[in-house]
Amino acid sequence: MRFDLYGLTFETPHVTFYLWSPWRAAHLEHRLFDAIRNLPNAKVEDGPDELRIQVTDPKTNRAALQAVARVLKGWQEEAERGSERRTGRWLLEADTDDNGYDHTGETTSMWGFLRVSLERGGPGEPDKGEDIDLQGFGLQIAGQKEK
């Protein structure tokens, strides 16, 4: 399956969206996961201390990214006019050895996490910025299994 993440294209068997430690996750992380949960063909799997949705259909993946973007856009619009600015961005990471395996011996995967930023300050006030990593929500772009 081809997965397009804002211009970065991956060939992957599936993409999995996660909500880790749901009892500790922020409300925004729950809203992001629930937006994906409500998509057609999305089946939530319970794991130890996590919820996950595995997506194998390119159309559902596109819809999932659009759902995440809508939730973030709504969160941005909730900011106080003139005194607060909110932004969000994806952070991607992976680790691999020279044979294409991660530190646990599994096929390398790409992981995506969200970082949101809050900038506060009105006219005549110094800007105060804060970056927050949403550690309870993320996605895994699975690596191809060897044939």
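The values are calculated or read from the model by the stated rules, or taken from the named source; none is laboratory data. What you see is a predicted model, and the numbers here were worked out from it, not measured in a lab. Please note: Cβ atoms are built from the backbone with ideal geometry, for glycine as well, and neighbour counts cover all protein chains shown. Quick note on the areas: whole protein, heavy atoms, side chains included, nothing else; ligands and nucleic acids left out. Shrake-Rupley method; radii C 1.70, N 1.55, O 1.52, S 1.80 Å.
With a 1.4 Å probe and every protein chain kept in, tell me what percent of the accessible surface of region 24-147 is carbon plus sulfur.
With neighbouring chains kept in place, the figure for region 24-147 is 46 percent.
What FRET efficiency would be calculated for the residue pair Ala79, Asp131, taking the C-beta separation as r and a Förster radius of 22 Å, to the nearest 0.05?
Once rounded, the FRET efficiency stands at 0.90.
So for region 14-147, what are the equivalent ellipsoid semi-axes in whole Å, largest first, each being the square root of 5 times an eigenvalue of the Cα gyration tensor?
Gyration-tensor ellipsoid for region 14-147: 31, 18, 13 Å.
Tell me the angle of helix 58-77 to the major Cα principal axis of the chain, expressed in degrees between 0 and 90 and rounded to the nearest ten.
20 degrees
Would you work out which of Ala35, Phe17, Gly88 lies farthest towards the positive end of the dipole of region 1-90, given +1 charges on the beta-carbon of Lys and Arg and -1 on that of Asp and Glu, about the Cα centre?
Gly88
In degrees from 0 to 90, rounded to the nearest 10, what is the angle of the helix 27-37 Cα long axis to the longest principal axis of the chain?
Helix 27-37 sits at roughly 40 degrees to that axis.
How big is Rg to Rh over region 95-135, alpha-carbon atoms, Rh as the Kirkwood inverse-mean-distance radius?
Computed over Cα atoms, the ratio is 1.39.
Give a quick list of GluC sites (Glu not before Pro) in region 1-96 that DSSP marks as loop, anything other than H, G, I, E or B, with at most 15 other Cβ atoms within 10 Å.
Passing sites in region 1-96 are Glu78, Glu80.
Before I look further, what does region 74-138 give for accessible area per residue, probe 1.4 Å, in whole square angstrom?
Result: 66 Å² of accessible area for each residue.
In a Gaussian network model over the chain where Cα atoms closer than 10 Å are linked, find which of Ser83, Ser109, Ser117 has the largest mean-square fluctuation.
Of Ser83, Ser109, Ser117, the most mobile in the Gaussian network model is Ser83.
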